[in-house]
Amino acid sequence: MSGPRPVRAPRGTELSTLGWQQEAALRMLQNNLDPEVAEHPDELVVYGGSGKAVRDWNSFDAMIRTLRTLKNDETMLVQSGRPVGVMRTHEWAPRVLIANSNLVGDWANWDEFRRLEELGLTMYGQMTAGSWIYIGTQGILQGTYETFSAVAAKRFNGTLAGTITLTAGLGGMGGAQPLAVTMNDGVAICVDCDPRAIERRIEHRYLDVKADNVAHALELATAARDRREPLSIGLLGNAAEIVPQLLAEGAPIDIVTDQTSAHDPLAYLPLGVDFADMAAYAKEKPAEFTTRSREAMAKHVEAMVGFQDAGAEVFDYGNSIRGEARLAGYERAFAFPGFVPAYIRPLFCEGKGPFRWAALSGEASDIHKTDQALLDLFPENESLHRWIKMAQERVHFQGLPARICWLGQGERDKAGVRFNEMVASGELQAPIVIGRDHLDTGSVASPYRETEAMKDGSDAIADWPLLNAMVNVASGASWVSIHHGGGVGMGRSLHAGQVTVADGTPLAAEKIRRVLTNDPGMGVIRHVDAGYEEAEAVAEAKGVRIPMREG
Ligand code: NAD
């Protein structure tokens with residue numbers, strides 16, 4: 001049995017595999033486990049509670065070994081983090097096909113999942129953990145920045161200056177919240193029960209300061225708000241205690257949300273439990289822990305509803321906390337909306353979503369050159385320009401240098417082809433890996449999040465992510481994944497991802513053109529099918545064919 005060790009992706013142009021597609025998979029798998037990137041690399045956990053890159057260390061070794069010898073007409077099959085076969089395919093086929101955490105409907109719950117996990121038969125792949133395209137907290141930063149910009153536009157005249165946001169969870173994803181709020185000029189109080197999470201975000205410059213206690217946090221927050229200056233404040237404690245306390249004290253909070261790991265009741269700290277005892281307690285008495293963490297979530301959500309009743313802008317940030325609170329018996333859990341119907345769906349209708357890429361050279365200058373290429377390609381896109389400028393100033397790269405921005409139908413393929421040209425001409429030092437989150441326009445069925453409150457009621461229809469994966473396989477992606485349970489937990493979502501490598505070859509250009517047109521195109525057709533007029537307009541303008549609207 002092999003065991004934990006530090007993992008870091010190779011950099012530079014020397015191949016340790018038989019081609020760049022395989023090399024990219026190998027480096028991105030390793031990059032997901034880089035201690036700079038992963039939350040708990042020794043346990044192979046990348047982010048999002050227990051989201052893993054690979055099932056166990058033996059599987060990791062087998063994966064690396066296999067990728068090193070995988071031919072350009074072969075495909076490695078991965079079943080929940082374990083390589084289970086190599087099949088002869090062809091050059092256009094993906095080099096890796098991944099299925100993670102999938103369970104049959106009636107069995108798709110945490111208890112059964114954990115039983116199977118305990119037997120060593122499965123793992124939780126989250127969204128980009130088990131599909132090897134997690135790029136650290138920056139990955140979510142852009143989406144979080146977009147969301148808070150949308151909140152500002154909806155309620156606060158386009159800026160968060162002079163407002164206080166209260167949230168919790170400073171983990172892999174939640175850690176983007178403080179910076180996203182300050183990028184929108186607001187003040188944020190961010191509660192986390194893990195002192196390490198707070199320190200880590202300060203170290204990475206996502207969080208500005210740490211408060212000594214609740215009163216201190218409020219004092220810092222109101223002073224900065226009155227000066228209309230951005231400031232993010234970390235506050236150590238249990239959100240299920242602090243959020244109700246702030247409500248009871250009548251704290252002047254304008255916006256409330258949450259990104260604790262509520263999707264997994266074993267990753268949310270119950271009331272009356274010390275953080276230091278949390279992991280052992282969850283392991284020893286999972287059923288009791290679950291009951292208590294759900295009860296705590298109910299208190300937390302009740303206080304969030306209280307803030308909404310008092311006039312604050314309140315939304316669920318995709319962690320299923322409303323669903324868990326309802327399971328604990330809190331009736332009004334769904335009184336506030338999820339962030340997708342509230343702010344993001346109009347972007348999804350345009351095929352817009354989290355386009356991201358990483359430089360296999362390991363050189364920050366490669367990313368800066370791609371940044372410039374995007375600014376040149378889309379001179380009219382003001383929010384893209386604002387984002388890239390801020391990201392260059394404030395984003396600390398974790399692992400291989402990477403960038404994210406939201407691009408839509410007709411934009412992603414242009415960007416990808418341009419990157420491929422830059423690799424071919426030698427302008428970039430090595431190939432670029434282009435992927436995205438599973439949280440995207442046409443790749444998820446998740447009734448508490450991406451597909452909450454669809455116009456035609458099709459929230460739980462899960463054919464779309466499966467079609468999305470199939471079309472990406474058919475279009476030439478380098479690796480494609482189908483996962484269950486990411487974001488919102490077991491039984492609540494099905495989603496797919498693709499990663500495509502720009503290695504500078506004409507073949508890569510052909511694949512990129514197809515994948516990066518068809519992948520966001522799935523989002524356009526999904527939203528046309530559900531009756532969104534905005535999507536119909538995009539389909540018409542971009543030539544996305546919809547058979548039921550032809551003839
Ligand atoms: P994580 O496990 O890395 O971090 C969760 C944090 O919550 C930890 O730092 C933990 O200490 C803290 N926490 C747990 N219980 C707490 C409590 N009672 N009080 C205060 N802090 C507590 O998870 P993550 O990757 O940051 O993801 C957070 C959640 O957001 C997950 O549920 C994830 O599925 C969801 N998510 C949302 C989006 C989105 O787009 N909105 C994207 C990805 C993930």
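Condition first: of a type in the set (Asp, Glu), over 30 Å from Pro506 (Cα atoms) and part of a loop (DSSP other than H, G, I, E, B). Now tell me which residues in region 437-464 satisfy that.
Going residue by residue through region 437-464, those that are of a type in the set (Asp, Glu) are 437, 440, 450, 452, 456, 459, 463.
Still in the list and also over 30 Å from Pro506 (Cα atoms): 450, 452, 456, 459, 463.
Glu450, Glu452, Asp456, Asp459, listed by residue number.
Scoring Asp258 on the criteria (1) among the charged types (D, E, K, R); (2) in a loop (DSSP other than H, G, I, E, B); (3) touching a Leu at 6+ places or on another chain (Cβ under 7 Å) leaves a single failure, condition (3). Look at region 142-157: where a residue is more than 13 Å from the ligand (Cβ to nearest atom) and a partner is among the small types (Gly, Ala, Ser), sitting 6+ places away or on another chain with Cβ atoms under 6 Å, you get Ala152/Gly158. From the list Pro252, Pro230, Pro244, pick out the single residue that is within 15 Å of the ligand (Cβ to nearest atom), out of contact with any Cys (no Cβ under 6 Å at 6 or more places or on another chain) and more than 23 Å from Arg114 (Cβ to Cβ). Answer to the selection: Pro244.
Of the set (1) within 12 Å of the ligand (Cβ to nearest atom); (2) farther than 24 Å from Asp111 by Cβ; (3) surrounded by 18 or more Cβ atoms within 10 Å (Cβ to Cβ), all apply to Ala221 but (1). So, of the residues in region 57-77 that are polar (S, T, N, Q) and assigned to a helix (DSSP H, G or I), which turns out to be farthest from the chain's Cα centre (by Cα)? For region 57-77, the residue satisfying everything is Thr69. Answer yes if at least one residue in region 266-273 is at positive phi and either more than 8 Å from the ligand (Cβ to nearest atom) or part of a helix (DSSP H, G or I) (or both), and no otherwise. Within region 266-273, one or more residues are at positive phi and either more than 8 Å from the ligand (Cβ to nearest atom) or part of a helix (DSSP H, G or I) (or both). Of everything listed in (1) more than 28 Å from Arg201 (Cβ to Cβ); (2) part of a loop (DSSP other than H, G, I, E, B); (3) touching a Lys or Arg at 6+ places or on another chain (Cβ under 8 Å), the single unmet condition for Val417 is (2). Could you say whether any residue in region 184-194 is outside any strand (DSSP E or B) and within 12 Å of the ligand (Cβ to nearest atom)? Checked against the condition, which is being outside any strand (DSSP E or B) and within 12 Å of the ligand (Cβ to nearest atom), region 184-194 yields at least one hit. Pro286 meets each of the listed conditions (1) within 13 Å of the ligand (Cβ to nearest atom); (2) modelled with pLDDT of 95 or more apart from (1).
Here the condition is being at pLDDT 95 or above, closer than 27 Å to Met76 by Cα, not assigned by TED's automatic domain parsing to the domain that holds Gly169 and not aromatic (Phe, Trp, Tyr); of Arg418, Arg436, Arg492, it holds for Arg436 alone.
If you go through region 465-490 and keep only what is part of a helix (DSSP H, G or I) and buried (at least 24 other Cβ atoms within 10 Å of the Cβ), you end up with Pro465, Asn468, Ala469, Asn472.
Have a look at Val54, Val46 and point out the one that is in a loop (DSSP other than H, G, I, E, B) and of a type in the set (Val, Ile, Thr).
Working: Val46 fails: in a loop (DSSP other than H, G, I, E, B).
Matching residue, one of Val54, Val46: Val54.
Checked against (1) touching a residue at least 24 places away in the same chain (Cβ under 8 Å); (2) part of a loop (DSSP other than H, G, I, E, B); (3) surrounded by fewer than 24 Cβ atoms within 10 Å (Cβ to Cβ); (4) in contact with a helix residue (DSSP H, G or I) (Cβ under 8 Å, 6 or more places away or on another chain), Leu160 passes all but a single condition, namely (3).
Identification of helices (runs of 4 or more DSSP H) wholly contained in region 292-377 with 2 or more residues that are within 15 Å of the ligand (Cβ to nearest atom) and either within 23 Å of Glu450 (Cα to Cα) or not assigned by TED's automatic domain parsing to the domain that holds Leu26 (or both) yields 321-327, 345-349. Within region 37-59, residues that are under 13 Å from Met123 (Cα atoms) sit with their Cβ atoms under 6 Å from residues that are outside any loop (DSSP other than H, G, I, E, B) and near the ligand (Cβ under 9 Å from one of its atoms), at 6+ positions apart or across chains, in these pairs: Gly49/Ala267; Lys52/Val45; Ala53/Val46.
The values are calculated or read from the model by the stated rules, or taken from the named source; none is laboratory data. These numbers were taken from a predicted model, which means no experiment stands behind them. Neighbour counts run over all protein chains shown; Cβ positions are idealised from the backbone, glycine included.
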